[in-house]
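Since the structure comes first, as structure tokens, the remarks are kept for the end.
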Amino acid sequence: MASLTPLLNQSRSLANMLTLQSSKGMSFILKMQSLRTDIVMDLGESINPGVDIGQVEGAFTQGFGLFTEEELQYSPQGALYSMGPDSYVIPAVCDVPREFNVSVLANSKNPYTIYSSKGLGETALFLGCSVFFAIKDAIDFARAERGLPKDFTLDSPAGPERIRMACTDHLTNMTVKDELGTNIQWSLDVSR
């Protein structure tokens, strides 16, 4: 439990990657779904628990999108290609975890604030990274099954392309690796 935040994080998010096995032992990722998320938030004495729980659910979903879907694309000249939700993926209702449990920590009074409540803001936003790390664990497991090393890079947001490339097999090894200065990219990866 971090003492610097008004947050008791018992967030647990499980990412399920459905795979299709081919006759040659290759597996392909078809879909990613967060199966369950549990969050207990320390809000002091909540003035309106329904509103606060809704804020936590919304912030978690926004964080889930931030860490898994919302990739910014830039041109080589620096122009932003993905300028709004019509040009990049944002979380949809189907992205909400199948089982989503949010509760407020009981008997957590804060004697230094009005009505003993604590500010909520968007502290739950960062809890969306739990889905990112669940994806990373699933990739690690898939790589271990193939005897691949545990050391790999997965940048955020962990979209389908990055997940697929991190799984590494003979198909991903056939992709052309660009060398700096040998081509003109249509989009720059600013995550590195």
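The values are calculated or read from the model by the stated rules, or taken from the named source; none is laboratory data. Computed from a prediction, not measured in an experiment: that's the story for all the values here. A quick note on method: Cβ atoms are made from the backbone with ideal geometry, for glycine too, and the neighbour counts reach across all protein chains shown.
The selection criterion, being modelled with pLDDT of 90 or more, in contact with a Leu (Cβ under 6 Å, 6 or more places away or on another chain) and of a type outside the set (Val, Ile, Thr), holds for Gly63.
Would you pick out the residues in the stretch 20-57 that are at pLDDT 80 or above, part of a strand (DSSP E or B) and touching a helix residue (DSSP H, G or I) at 6+ places or on another chain (Cβ under 8 Å)? Correct list: Ser34, Thr37, Ile39, Met41, Gly44.
Only one entry of Asn101, Asn107 meets the criterion of being of a type in the set (S, T, N, Q) and at pLDDT 85 or above, and that entry is Asn101.
Among the residues of the stretch 118-175, just one is in contact with a strand residue (DSSP E or B) (Cβ under 6 Å, 6 or more places away or on another chain) and part of a loop (DSSP other than H, G, I, E, B), namely Lys118.
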